[in-house]
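As structure tokens, the structure follows; a few thoughts come after it.
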Amino acid sequence: MFLRVYQLPVDDWGAVYEDLLQCAAAQVRLPAGSFYTPRSVSTLQAGLVDQGQAVTAVYDPTMGTGSSLILAGQRLEVTAYYGQELMPRTASLGQLNLLVHGVSYRDGQVAVGDVLTADQLAGRKFAAIVATPPVAAHWDPHYLANDPRFTAYEQFAPKSKADWAFVEHMLAHLTDQGCLAVVLPVGSLFRQEAEGVIRRQIVERDNLLDAVISLPTKIGQLAASAVVVFRRGRTTRDVWLLDATGFGTKQDGKPDLAATAVTAILDRYHQRQEEPHLAHLATLAELRKNAFDLSVARYVAPANRQPAVDVPATLREIQATKRELAQLDDEYNRLLAQLVQSQDAVTPETLAMLREMGKHDQT
């Protein structure tokens with residue numbers, strides 16, 4: 001059995017290596033905010049950046065072990081792979097992953113270092129970018145006050161949450177018709193202040209946001225995440241939002257996306273249609289009204305959600321009911337007074353019972 005391993009084709013060797021990487025990631029403590037991107041999510045990202053045009057190179061600025069980079073490159077049939085990784089050992093695993101998948105050193109370039117403070121590919125542009133940046137990474141924009149990647153926006157991303165700084169970096173590396181698919185925590189989609197300002201400029205000023213797809217809960221070790229698609233050269237101003245939280249399955253006891261689910265999401269993305277309780281095409285006016293909150297739940301209501309309560313109307317109805325009860329009480333007391341005046345027609349026991357009923361009804 002072990003001797004037959006040498007007869008495996010390149011693609012099968014790659015699958016074996018990635019399985020080993022995934023097992024290792026489950027056992028090794030990763031840097032804060034980092035995690036192994038499930039193959040299904042990487043496959044989804046690859047399909048999203050496939051815009052049906054010829055692409056020669058793919059880029060992942062936070063490549064980790066390179067799985068997303070490789071899947072995107074294979075789908076797009078590129079001739080060059082570019083990546084950067086903060087951790088030297090992880091970068092070495094990524095370079096080896098490329099080699100195992102048949103990508104030579106010449107065609108697969110892996111840089112090492114913090115992509116925010118030491119961009120090794122400054123000036124390069126790519127038509128396809130995929131990434132899963134570390135969540136809520138700390139950074140210091142003070143030393144980047146003149147960096148055009150970040151000064152293009154009115155405010156810097158928070159020092160303790162560099163999510164949008166990574167997005168800004170990738171947008172700076174995107175060609176005029178390029179596409180970017182990035183996994184972000186849901187919190188980065190609705191937090192306001194600096195992050196809200198950045199989202200507004202990306203959506204309203206630059207018209208770069210194409211779609212937001214919420215992923216099943218806890219997939220890839222994030223409690224709540226979404227794949228966000230940015231694209232240059234857009235001809236419309238709307239944004240397509242899909243609630244894919246219900247598309248999840250269990251793989252080895254962990255949340256995942258089946259291949260059929262990935263295909264279903266990609267089909268819907270290319271159609272960009274409305275689907276009740278599932279997908280919504282939000283206008284710029286809607287996004288502006290919601291302060292550029294990009295969380296899918298803001299625009300797509302699940303089928304089991306109770307209808308929103310109209311509080312002012314409900315209060316008016318309560319007040320009207322109270323007035324009606326007061327009128328009924330007055331009429332009850334008037335009739336009771338008439339009975340008291342004609343005690344010959346009512347026994348003392350009946351009169352006492354009516355008075356007691358009146359007290360009960362008024363409580």
> Straight-line reach from Lys250: which lysines have a Cα under 21 Å away, not including same-chain ones fewer than 8 places off?
Replying inline: Lys218
>> Tell me the Kirkwood radius of segment 189-328: reciprocal of the mean inverse pair distance over distinct alpha-carbon atoms, in Å.
In response: 17.4 Å
>> Given axes a ≥ b ≥ c from the Cα gyration tensor, I'd like to know whether segment 186-239 is rounded (a/c under 1.5), prolate (a/b larger than b/c) or oblate.
In response: oblate
> Direction-averaged shadow area of the convex hull around the Cα atoms of segment 253-302, nm²?
Replying inline: 4.6 nm²
> For Arg149, what is the net charge nearby, where nearby means another residue's Cβ is under 11 Å from its Cβ and Lys, Arg count +1, Asp, Glu -1?
Replying inline: -3
>> Quick check: with the 1.4 Å probe, what order do Thr37, Thr235 take by accessible area, largest first?
In response: Thr235, Thr37
>> Computing the accessible area with a 1.4 Å probe over protein heavy atoms, can you report the carbon and sulfur percentage for segment 63-181?
In response: 52 percent
> Averaged per residue, what accessible area in Å² does segment 184-240 show with a 1.4 Å probe, protein chains only?
Replying inline: 34 Å²
> For Lys322, which lysines qualify as cross-link partners when the Cα separation must be under 22 Å and same-chain residues fewer than eight apart are set aside?
Replying inline: Lys359
>> Give me the extension gain from Ala313 to Thr151: residue separation times 0.36 nm, minus the current Cα-Cα distance, reported in nm with one decimal.
In response: 53.6 nm
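The values are calculated or read from the model by the stated rules, or taken from the named source; none is laboratory data. It should be emphasised that the depicted structure is a prediction, and the values quoted were computed from it without experimental measurement. As a convention, Cβ positions derive from the backbone with ideal geometry for all residues, glycine included, and neighbour counts pool all protein chains shown. Protein only, heavy atoms only, side chains kept; ligands, DNA and RNA dropped before computing areas. Shrake-Rupley method; radii C 1.70, N 1.55, O 1.52, S 1.80 Å.
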